[in-house]
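Undergrad: First the structure, which I've put down as structure tokens, then a few questions once you've had a look.
The values are calculated or read from the model by the stated rules, or taken from the named source; none is laboratory data. Worth saying up front: this structure is predicted, and the values here are computed from it rather than measured. Please note: Cβ atoms are built from the backbone with ideal geometry, for glycine as well, and neighbour counts cover all protein chains shown. We work out accessible area using only protein heavy atoms, side chains counted, and drop any ligands, DNA or RNA first. Shrake-Rupley method; radii C 1.70, N 1.55, O 1.52, S 1.80 Å.
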Amino acid sequence: MRLHEPRLPPGYRLYRFDRIGSTNEEAKRLARSGARGGSVVWALEQTKGHGRRGRPWVSPPGNLYLSLILHPRSPLGVAAQIGFVAALAVAESLPFPPEIPVSCKWPNDVLVCGRKISGILMESETGEDGRLATLVLGVGINGVSSPREAEFPATSIAEEGGGTPSPAALLEGFLARFDPAYRLWQEAGFPPIRARWLERAAFVGERIAVRLEKESLAGRFLDLDEEGALLLETDGKIRKISAGAVFPEKP
Ligand code: BTN
């Protein structure tokens, strides 16, 4: 497929593949061999795309699959906030009119009309000082198709009436939003990102189920704390959750 070359913000560099196993795996390999921050691995199709919690990410041509190498030099705990920066950039870059609800589902998913349109997979490597040396930020956006079988109901831009933007246009749109939001996070920290994320947050104040690695919890999604953890009110107590998957509670 011949596509126009996407325009990238200054300082970014593109590694483009027609077909690859996983852009995250390629980005980790490149990072180990010295690729600098701002390197973007982009593939038109993935044969072994993967998602959070070891799930496959079905990756046919037509959707966006990219992995961005970052070297944030921040403590490991803080790096999770970059997922919120990225989810916000996805949400703000989608080509929908204001009446179509585009929301952010904790921690890093983006929903359109309540269905998942984008997922983010962050993988990190620490340096000898214990600080984060490399972060690979993998982003998938469903442009023209979405999986029928999924843990959370899925959709695509085309299915929601947003047209059929090319993967190149989605890539441009994402990076054009991500770059200034990432700079803002580096300069001002999490508060402005948290505020923008909360404006679009799904399920805040509502009853939810949270799947953790070994258990499931039910309760009310109270708030996002100052570090990015989900505050869940359950049996009169407040639990701080740093990793998990959120679902609306079944009636
Ligand atoms: C999730 O919601 O589970 C995260 C999905 C992340 C998918 C993207 S597609 C580009 C990059 N390469 C991968 O193998 N995964 C991420």
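Undergrad: For K240, state whether it is open to solvent by 50 Å² or more (accessible area, probe 1.4 Å), among the basic types (K, R) and more than 24 Å from V85 (Cβ to Cβ). Break it down into steps so the answer makes sense when it comes.
TA: Values: open to solvent by 50 Å² or more (accessible area, probe 1.4 Å): yes; among the basic types (K, R): yes; more than 24 Å from V85 (Cβ to Cβ): no.
So K240 fails the test.
Undergrad: So R55 ticks every box in (1) open to solvent by 50 Å² or more (accessible area, probe 1.4 Å); (2) on the phi > 0 side of the Ramachandran plot; (3) not hydroxyl-bearing (S, T, Y) but one. Which box is left unticked?
TA: Going through the list (1) open to solvent by 50 Å² or more (accessible area, probe 1.4 Å); (2) on the phi > 0 side of the Ramachandran plot; (3) not hydroxyl-bearing (S, T, Y), R55 breaks only (2).
Undergrad: Got at least one residue in segment 130-143 being at pLDDT below 95, of a type in the set (S, T, N, Q), open to solvent by 10 Å² or more (accessible area, probe 1.4 Å) and within 25 Å of Q46 (Cβ to Cβ)?
TA: The answer is yes, given that some residue of segment 130-143 is at pLDDT below 95, of a type in the set (S, T, N, Q), open to solvent by 10 Å² or more (accessible area, probe 1.4 Å) and within 25 Å of Q46 (Cβ to Cβ).
Undergrad: Just to be sure I understand, how many residues within segment 103-120 are buried (at least 22 other Cβ atoms within 10 Å of the Cβ) and more than 11 Å from the ligand (Cβ to nearest atom)?
TA: 4
Undergrad: Has segment 157-175 got any residue that is within 16 Å of the ligand (Cβ to nearest atom) and within 26 Å of P248 (Cα to Cα)?
TA: yes
Undergrad: Within segment 153-187, track down each residue that is in a loop (DSSP other than H, G, I, E, B), within 17 Å of the chain's Cα centre (by Cα) and among the hydrophobic types (A, V, I, L, M, F, W, C).
TA: I157
Undergrad: In addition: Could you please let me know if L111 is more than 24 Å from K28 (Cβ to Cβ) and either outside any loop (DSSP other than H, G, I, E, B) or at pLDDT 95 or above (or both)?
TA: Judged against the criteria, L111 is a match.
Undergrad: Then there's this: Any residue in segment 188-207 that is farther than 12 Å from G228 by Cα sitting within a Cβ distance under 9 Å of a residue that is of a type in the set (D, E) and open to solvent by less than 50 Å² (accessible area, probe 1.4 Å)? List the pairs, counting only those 6 or more apart or interchain.
TA: R196/E92; R200/E92; A202/D109
Undergrad: Mind telling me which of the residues L44, L8 ends up being within 12 Å of the ligand (Cβ to nearest atom) and out of contact with any Gly (no Cβ under 7 Å at 6 or more places or on another chain)?
TA: L44
Each row is one residue, and each column tells you yes or no for (1) under 25 Å from E213 (Cα atoms); (2) more than 16 Å from the ligand (Cβ to nearest atom).
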position: G37; (1), (2): no, yes
position: R55; (1), (2): yes, no
position: N63; (1), (2): no, no
position: I82; (1), (2): yes, no
position: V90; (1), (2): no, no
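Undergrad: Only one residue in V204, V210, V246 is among the β-branched types (V, I, T) and part of a loop (DSSP other than H, G, I, E, B). Which one?
TA: Just a single option satisfies the conditions, and that option is V204.
Undergrad: Of the residues in segment 223-237, how many are open to solvent by less than 70 Å² (accessible area, probe 1.4 Å) and within 22 Å of the chain's Cα centre (by Cα)?
TA: 8
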